[in-house]
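I have placed the structure first, in the form of structure tokens, so that the comments after it can refer back to it.
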Amino acid sequence: METRFTRGKSAILEHSLTRLKTEVSVWRALFGKEANKLEQANDDDKTYYIIEKEPLINIFTSVPKENSTLNCAAFTGGAVEAILTHSGFPAKVTVHWHKGATLMIKFDEAVITQDKALEGR
């Protein structure tokens, strides 16, 4: 989750990723590698996606056949939400199965307002 993964010039994503970035990215610290993709939704400036084709947590988790729809990467979503929220960027994170595990991050309106105020400086 480093700033070099930004595709556009979204100040929200750059600010949040810069704030989260340490010497090693948060994602790399958690999973030993970088996420496959980081994208912003085309129609919503509050929504971002982290796409992981083969989530590490799913590789090492056995799911019984009767729970075949269980996506253990939801645990990852909780960790990302906690990191963002406690870093001053309140967000809700949900995990979906699309092109692998897709973490959908929806920032609170307060984050967007703060971002727009910073852009106006």
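The values are calculated or read from the model by the stated rules, or taken from the named source; none is laboratory data. Please read these numbers as outputs of a predicted model, since none were measured by experiment. All Cβ positions, glycine included, derive from the backbone under ideal geometry; neighbour counts span all protein chains shown. When the accessible area is computed, the model is the full protein with side chains, heavy atoms only, and any ligands, DNA or RNA have been set aside. Shrake-Rupley method; radii C 1.70, N 1.55, O 1.52, S 1.80 Å.
Things worth noting here:
- Rolling a 1.4 Å probe over the protein heavy atoms gives the range 11-120 an accessible area of 59 Å² per residue.
- Overall, the accessible surface of the range 11-120 at a probe of 1.4 angstrom is composed of carbon and sulfur to the extent of 54 percent.
- When the trypsin sites (Lys or Arg not before Pro) in the range 37-71 are filtered for DSSP coil states and for at most 16 other beta-carbon atoms within 10 Å of their beta-carbon, the remaining sites are LYS53.
- For ASP43, the solvent-accessible surface computed with a 1.4 Å probe is close to 140 Å², ligands and nucleic acids excluded.
- With R₀ fixed at 41 Å, the C-beta to C-beta distance from VAL63 to ILE112 puts the FRET efficiency at about 0.65.
- Annotation for LEU56 and ARG28: the two label points, set 7 Å from Cα along the Cα-Cβ direction, are 1.2 nm apart.
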